[in-house]
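> I have a structure I would like to understand better, so I am pasting it below and will then ask my questions one at a time.
Every read-out reported here was derived from the displayed coordinates using simple, explicitly stated rules and does not represent laboratory data. What you are looking at is a predicted structure, and each value in this text was computed from that prediction instead of being measured. Positions of Cβ are generated from backbone atoms using ideal geometry, with glycine treated the same way; all protein chains shown enter the neighbour counts.
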């Protein structure tokens, strides 16, 4: 019975772990509340240990932080290094997370549908640096005043302080590997499209 974890100790450690994950991503309680639907006061009490974590609270938080539930409660490692990616849709683009650690660089596969988007380019800027590699299809990249169309096997890297936009000008889906830090992840993966 000595190897049975102390339940109170495990639950007490969840709050600081949640705070650390949120701070690594540079997110505020209000931003996390908007993502999860959990009130700011509940999130604050969870992080400070004043509220006992429940499955109903931990599931959306694990999803928001893109970590397995067992990582939130510090379950012992299983030894399986595989990333079990769960694709999701962000404004018509399919996003597949390829890393599971919060903070630092994140790797994502993005699949842009044919002729996406069906709107004028909307160049954006944010903190960070971005690297991308085209696996298949074509990717149109606007970077300031410059425009390039990348084809399979081509890569691009740029400072995201430069206004930028990407889309698929072709009739085939474009598959792209992307690496970016927490700021770029919020912009390209977590940000909700305007009007939602």
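> Tell me the Kirkwood hydrodynamic radius of region 7-72 in angstroms, computed as one over the mean inverse distance between distinct C-alpha pairs.
Averaging 1/r across every pair of different Cα atoms and inverting gives 11.6 Å.
> Right, another one. Multiplying the sequence separation of residue 55 and residue 11 by 0.36 nm and subtracting their Cα-Cα distance, what value in nm do you get?
So the extension gain works out to 14.7 nm.
> Once you have the Cα-Cα distance between residue 158 and residue 118, take 0.36 nm times their residue separation minus that, and quote the gain in nm to one decimal.
Stretched fully, the residue 158-residue 118 segment lengthens by 11.9 nm.
> Classify region 98-149 as rounded, prolate or oblate from the Cα gyration tensor: take a ≥ b ≥ c as the square roots of its eigenvalues, call it rounded if a/c is under 1.5, otherwise prolate when a/b beats b/c and oblate if not.
Note, shape of region 98-149 comes out oblate.
> Additional query: Each label point is 7 Å from the Cα along the Cα-to-Cβ direction; what then is the distance between the points at residue 44 and residue 136, in nm?
Output for this residue pair reads 5.0 nm.
> If you don't mind, there's one more thing I want to ask. May I ask for the Kirkwood hydrodynamic radius of region 88-190, worked out over all distinct Cα pairs and given in angstroms to one decimal?
13.6
> Let me ask something additional. Quickly rank 142-148, 14-20 as a protection proxy: mean count of other C-beta atoms within 10 Å, highest first.
Per-residue Cβ counts within 10 Å, averaged per peptide and sorted highest first, yield 14-20, 142-148.
> For labels at residue 69 and residue 94 in the simple 7 Å Cα→Cβ model, what's the distance in nm?
Going by the 7 Å Cα→Cβ label model, 2.6 nm.
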